[in-house]
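Below is one structure, written out as structure tokens; comments come after it.
The values are calculated or read from the model by the stated rules, or taken from the named source; none is laboratory data. Note that this is a predicted model, so its numbers are computed, not measured. Ideal geometry is used to build each Cβ from the backbone, glycine not excepted, and the neighbour counts take in all protein chains shown.
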Amino acid sequence: MLQQRTADVPFSLEALKASLERLQTEWDKCQSSRDRDGIYRYLESVFKLVEWWAYERKAKEYARQALQLQRQPVPKIADPFAAIIFCTANPEKVDFKVRSKWARLLRYAKVFKDPDESLSDFVRRRGGINKCAARYARYFGKSVT
Amino acid sequence: MPTTNFHMDKIIRELVEESWEWDRLGRTGDFVDKNRVFSETLVELESEGDAMRFLDSRGRICWKATPQLRDYLSDLRTDALEDFWQEDA
């Protein structure tokens, strides 16, 4: 399918910063509430941001820019999902292992999730976060995140 | 000149069209490119954290109001309603 892109509406550095702030707010909300769906809302926000970046074939570029905005030094993170999680979630609570698991889950959803389905419904239907992440690793192998 | 299809929710469309109207009214006979005004307004709204892009279920890039803008509008509405009831009383 020929994709209609939005190159005529540039995504500014300020817009990138605003997007990261929005996800940080989502993360804070999810941490301060006891709602079990909070983490799904946060991950869904990460998913939706990287999804449109990927559609525009800019996911790696924007993720790299997002990492450059962080206090240096930052680890080398190739996967855009993992990079955005690193930039927006508290690294004391989300260590490398958790980040890597969530990134695998989101990559799995990117391949198999129906556009109409919410991330939380998809993940629940597929057995939960751990199972989705494991499935991704099984199908595609673990990649560096 | 072909018009680009910008897909937006109601809130963002209102803001973008208002911007277009202002731009059009502010000029005296000069040609105003609607696509350019739409594009510049969307860039501005995104930069201020008021609009966000996403892929809709049909795989199209769309813009919608961020929770920040929705909260702001909701507060405005609450204030307006309170003022209304106070005046009414």
Quiz item: Which number in (1) of a type in the set (D, E, K, R); (2) away from chain B (no Cβ under 13 Å); (3) over 29 Å from B:ASP71 (Cβ atoms) marks the one condition that A:LYS93 misses?
Solution: (3)
Practice problem: Quickly run through region A:24-54 and pick out the residues that are part of a loop (DSSP other than H, G, I, E, B) and not basic (Lys, Arg). | Solution: A:SER33, A:ASP35, A:ASP37
Quiz item: Does at least one position in region A:92-104 carry a residue that is in contact with a Ser or Thr (Cβ under 8 Å, 6 or more places away or on another chain), more than 23 Å from B:ILE61 (Cβ to Cβ), hydroxyl-bearing (Ser, Thr, Tyr) and surrounded by 17 or more Cβ atoms within 10 Å (Cβ to Cβ)?
Solution: yes
Practice problem: Considering only region A:110-121, state which residues are in contact with a helix residue (DSSP H, G or I) (Cβ under 6 Å, 6 or more places away or on another chain) and not hydroxyl-bearing (Ser, Thr, Tyr). | Solution: A:LYS113, A:LEU119
Self-check item: Residue identified as at pLDDT 95 or above, closer than 25 Å to B:VAL43 by Cα, away from chain B (no Cβ under 14 Å) and in contact with a Pro (Cβ under 7 Å, 6 or more places away or on another chain) among A:ALA63, A:ALA83, A:ALA59
Solution: A:ALA63
Quiz item: Does A:VAL94 satisfy the criteria of being part of a loop (DSSP other than H, G, I, E, B), β-branched (Val, Ile, Thr) and without any contact (Cβ under 8 Å) to a residue 24 or more places away in the chain?
Solution: yes
Practice problem: Examine region A:122-135 for a residue that is out of contact with any strand residue (DSSP E or B) (no Cβ under 6 Å at 6 or more places or on another chain), on the phi > 0 side of the Ramachandran plot, surrounded by fewer than 22 Cβ atoms within 10 Å (Cβ to Cβ) and not aliphatic (A, V, I, L, M), and state whether such a residue exists. | Solution: yes
Exercise. Within region A:115-125, identify whether any single residue is touching an Asp or Glu at 6+ places or on another chain (Cβ under 9 Å), within 21 Å of A:GLU26 (Cβ to Cβ), part of a loop (DSSP other than H, G, I, E, B) and without any contact (Cβ under 8 Å) to a residue 40 or more places away in the chain, and answer yes or no.
Key: yes
Quiz item: So which residues in region A:7-40 are more than 7 Å from chain B (Cβ to nearest Cβ), of a type in the set (D, E, K, R) and surrounded by fewer than 18 Cβ atoms within 10 Å (Cβ to Cβ)?
Solution: A:LYS17, A:ASP28, A:LYS29, A:ARG34, A:ASP35, A:ARG36, A:ASP37
